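Structure record follows, encoded as structure tokens.
No lab work stands behind these numbers, since they all come straight from the coordinates. In this text the structure is predicted, and so the values were computed from the model without any measurement. We place every Cβ from the backbone using ideal geometry, glycine too, and count neighbours over all the protein chains shown.
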Amino acid sequence: MRLARRVQYYLVGVVLGIGILFTLHGDRGCKWLPNERLIDFIVECDVRISERIECQTACNKWTTEDLYLILDGGQVDFGSRTESGGMEKYWIAKEGISAQFQIDKEDSTVTIVAVGDTLKGCDCASKTNNEFTLLDEPMLMILKKLRGKEIYLSSKLSCYLSCYHLDEQKFKTNVLSESWVKKAVKGLNNSYELELDINGETFTSQVDQSTYSTRIRSLTKLAADCDCP
């Protein structure tokens with residue numbers, strides 16, 4: 001077989017391979033790449049921070065929300081990876097803000113153990129470094145994550161929408177939008193509670209997220225009662 005024909009077959013194979021990858025992963029963009037896979041894993045975990053790291057963060061004139069937002073489009077420095085005692089550490093940076101994340105994959109916890117370029121003169125040595133609090137995930141990140149997967153409405157939700165005289169298609173389009181959601185709180189096992197403002201009235205909604213989907217489970221209105229089993 002001549003070289004030109006071999007090259008032609010090779011290129012056809014490459015194109016077909018790329019086509020198959022985008023067919024399988026197209027709904028997730030480039031999330032099958034190593035950078036996105038690691039960040040996605042971290043976002044699904046509880047992220048903790050110590051009092052000392054919180055002090056160093058404030059000294060840099062950053063907020064703890066800034067640290068969380070590193071995970072929205074940040075770049076992982078895989079060359080900085082270290083591993084000890086089953087823990088992996090990576091530096092992740094975005095727009096001049098960087099932090100080192102320690103990952104414990106056994107119990108799905110992530111701890112921020114260092115922040116980059118701490119300003120000189122910061123007196124954080126007296127702060128504890130072995131007691132941790134959970135970081136609150138910013139609302140915009142929660143909504144972006146929930147919108148990133150196929151959205152389903154539970155069968156019970158149709159009852160609520162009928163009770164409150166809400167259009168189902170309009171609800172599905174707007175329920176995870178910044179214009180409706182006023183507060184989003186992460187609960188256990190990737191569940192979320194949303195506070196919604198719909199036509200000037202306050203509602204709460206329970207939302208569950210799995211690997212491939214976001215399910216809107218319930219909708220309740222303050223000072224109202226719907227008989228939805």
Which listed pairs, of Lys89/Lys182; Lys89/Lys186; Lys94/Lys221; Lys61/Lys172, have C-alpha distances above 28 Å, in listed order:
Lys89/Lys182; Lys94/Lys221; Lys61/Lys172
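Provide the gained length on full extension for the span Thr63 to Ser213, in nm with one decimal, where the gain is 0.36 nm per separating residue minus the Cα-Cα distance.
Details: separation 150, 0.36 × 150 = 54.00 nm, distance 3.07 nm.
Roughly 50.9 nm would be gained on extension.
Under the classification rounded if a/c is under 1.5, otherwise prolate if a/b is larger than b/c and oblate if not, where does segment 150-229 fall, given a ≥ b ≥ c as square roots of the Cα gyration tensor eigenvalues?
Values: a/c = 1.45, a/b = 1.28, b/c = 1.13.
Here segment 150-229 falls in the rounded category.
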Within a Cβ distance under 14 Å of Lys183, other residues only, what is the Lys/Arg minus Asp/Glu net charge?
-4
Extending each Cα 7 Å along its Cβ direction at Asp197 and Tyr152, get the distance between those two points in nm, one decimal.
3.2
Restricting to Cα pairs under 8 Å and 6 or more apart, the percent relative contact order of segment 79-207 works out to 11
Under 16 Å between alpha carbons, and skipping anything fewer than 8 positions from Lys127 in its own chain: which lysines qualify?
none
